[in-house]
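> Please read through the structure below; I'll follow up with questions.
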Amino acid sequence: MSASCDHHSHEQDEKLTDSKYRQILWVALVLNAAMFFVEFWSGRSANSNALLADSIDFFGDAANYGLSLFVLASSLQARARVAMAKALCMAVFGVFVIGRALWSIQNAPTPEALTMGWVGLLALAVNVLVAALLYGYRTGDANMRSVWLCSRNDALGNIAVIAAGAVVWLTANRWPDVVVAVGMGALALSSAWQVLRQARAELIGDNQ
């Protein structure tokens, strides 16, 4: 292993043992768990696929932060394996969200635009806060990268939910809600692929 790789590893170890990073993960876990309940209840009451998709994403993120805390001081190989497991979960979430959205085209009423709007704004505020806290740790190993990607995806998804709510309100049509939900599912699949590739590279590199 080259000197530059050794230096990179030392920097990552310092980040992983940083007490501030651990505290940020705890804050992120609590906020995401709380938003899961808010969005799940709101999504069901408003018949919104986008809100339900985002609520499941919040649940997955809370689990993501919990797993990250659990393996924080573990070896790179252990962290990479957990990152691979999280990537697979992200992929399953993506497939579920896309399937649920397509099913709703013929089986669900038009969602409530007002609920989509205010819940989307609340979720966006939470995710922007978490993403800002995690910004300095976005270039770490696969496990740290998966945490950052989840936060970034959530903020982008919230903006899309708010926009969809506005279009639903203007058109009284369910299609914006469906399109946003499918887009969120596709983004989850793309991020899962990125994390899976990096985690696999770390496992191969650590075994050489």
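> What are the residues in the stretch 40-65 that are touching a Leu at 6+ places or on another chain (Cβ under 7 Å), within 18 Å of VAL147 (Cα to Cα) and of a type in the set (Ser, Thr, Tyr), if any?
Within the stretch 40-65, TYR65 is the sole residue that qualifies.
> Follow-up. For the stretch 160-182, state whether one or more residues are in contact with an Asp or Glu (Cβ under 8 Å, 6 or more places away or on another chain), β-branched (Val, Ile, Thr), open to solvent by less than 40 Å² (accessible area, probe 1.4 Å) and assigned to a helix (DSSP H, G or I).
Checked the stretch 160-182: at least one residue is in contact with an Asp or Glu (Cβ under 8 Å, 6 or more places away or on another chain), β-branched (Val, Ile, Thr), open to solvent by less than 40 Å² (accessible area, probe 1.4 Å) and assigned to a helix (DSSP H, G or I).
> Within the stretch 88-98, work out how many residues are within 22 Å of LEU203 (Cα to Cα) and either crowded, with 23+ Cβ neighbours inside 10 Å or of a type in the set (D, E, K, R) (or both).
1
The values are calculated or read from the model by the stated rules, or taken from the named source; none is laboratory data. Just so it is clear, the structure is predicted and the values come from calculations on it, not from any experiment. Neighbour counts are summed over all protein chains in view; Cβ atoms, including those assigned to glycine, are modelled from backbone coordinates with ideal geometry. Accessible surface areas use protein heavy atoms only, side chains included; no ligands, DNA or RNA. Shrake-Rupley method; radii C 1.70, N 1.55, O 1.52, S 1.80 Å.
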